[in-house]
Amino acid sequence: GAGVSQSPRYKVAKRGQDVALRCDPISGHVSLFWYQQALGQGPEFLTYFQNEAQLDKSGLPSDRFFAERPEGSVSTLKIQRTQQEDSAVYLCASSSQGYYEQYFGPGTRLTVT
Amino acid sequence: GESVGLHLPTLSVQEGDNSIINCAYSNSASDYFIWYKQESGKGPQFIIDIRSNMDKRQGQRVTVLLNKTVKHLSLQIAATQPGDSAVYFCAEPGGSNYKLTFGKGTLLTVNP
């Protein structure tokens, strides 16, 4: 079956631009996660949804980061007024039961110039 | 600080050899651990997990060992193949029941 998909795969933004990153989780997965992965590092938690409810956004680095999942399936991570330090790979993961066996998408590589 | 970490950042092995990747954790209350494999340009892929009530768990060509006394776990890959070349991460829930805390990762390179 189809896995987690993310789009775009690559995004180049000029500093100050807004970007929107999309995640299509595995169908039927109630849990959805966003992670940020800097070069050479492990993924770091950003936020967690259970269906449409955002239960934890403690990992979002600033109020420029906003995530939504309005219908409990597709999710969008939005970054306003991008800064160079936002350059990273943004990974989306979904699971059917909390943290167990999170299935990751290929990620969106964001480069802010 | 990070709850999980790795002893070696890189590991180079010959094809056919066994590989051992190590990971230390600091939270003695951690009760579940996962190993992920991440190939270049891809997201992490679940390999195997282990609960704290187990010392060992085997999968296909992989074995995870957990030593709770010294808070250490390892991933053993038997008969390593070129397709095993990737970065390997250990991860654990860090006291939550949903988010994972990852270590920095070990780059495994398999030489033909």
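The values are calculated or read from the model by the stated rules, or taken from the named source; none is laboratory data. Here the structure is a predicted model, which is why all the values come from computation and not from measurement. Neighbour counts run over all protein chains shown; Cβ positions are idealised from the backbone, glycine included. For the accessible areas, the whole protein counts, side chains as well, though only heavy atoms, and no ligand, DNA or RNA atoms are used. Shrake-Rupley method; radii C 1.70, N 1.55, O 1.52, S 1.80 Å.
If I take every Cα pair under 8 Å that is 6 or more residues apart in chain A, average their sequence separation and divide by the length, what percent do I get for the relative contact order?
37 percent
Note every residue of segment A:77-105 with a reduction of at least 50 square angstrom in accessible area, all protein chains present versus the isolated chain, computed with a 1.4 Å probe, or write none.
Buried on complex formation: A:Y99, A:Y100, A:E101, A:F104.
Can you tell me the dipole magnitude for chain A around its Cα centre, using point charges on the Cβ only (Lys, Arg +1; Asp, Glu -1), in Debye to the nearest 20?
Computed about the Cα centre, the dipole is about 460 debye.
Quick one: buried accessible area between B and A, total over both chains, 1.4 angstrom probe, nearest 100 Å²?
Heavy-atom accessible area buried at this interface is about 1700 Å².
Would you jot down the residues in segment B:67-112 that end up with at least 10 Å² less accessible area in the complete protein assembly than in the chain alone, with a 1.4 Å probe?
B:F89, B:P93, B:N97, B:Y98, B:K99, B:L100, B:F102, B:K104
Could you do me a favour and compute the accessible area per residue for chain A, 1.4 Å probe, result in Å²?
So chain A comes to 49 Å² accessible per residue, rounded to a whole number.
Accessible area of chain A with a 1.4 Å probe: how many percent of it is carbon plus sulfur?
The C+S portion of the solvent-accessible surface of chain A is 45 percent.
For chain B, give the magnitude of the charge dipole about the Cα centre (Cβ charges: +1 Lys/Arg, -1 Asp/Glu; no others), in debye to the nearest 20.
Charge dipole, chain B, about its Cα centre: 220 debye, nearest 20.
Could you put A:R81, B:R61 in order of accessible surface area, largest first, with the 1.4 Å probe and the full protein assembly present?
Descending order: A:R81, B:R61.
Out of A:V74, A:L46, A:Y10, whose Cα points farthest toward the positive end of the dipole of chain A (charges: +1 Lys, Arg; -1 Asp, Glu; placed on Cβ)?
A:Y10
How big is the charge dipole of segment A:47-103 about its Cα centre, in debye rounded to the nearest 20, if each Lys and Arg gets +1 on its Cβ and each Asp and Glu gets -1 on its Cβ?
The dipole of segment A:47-103 has a size of about 140 debye.
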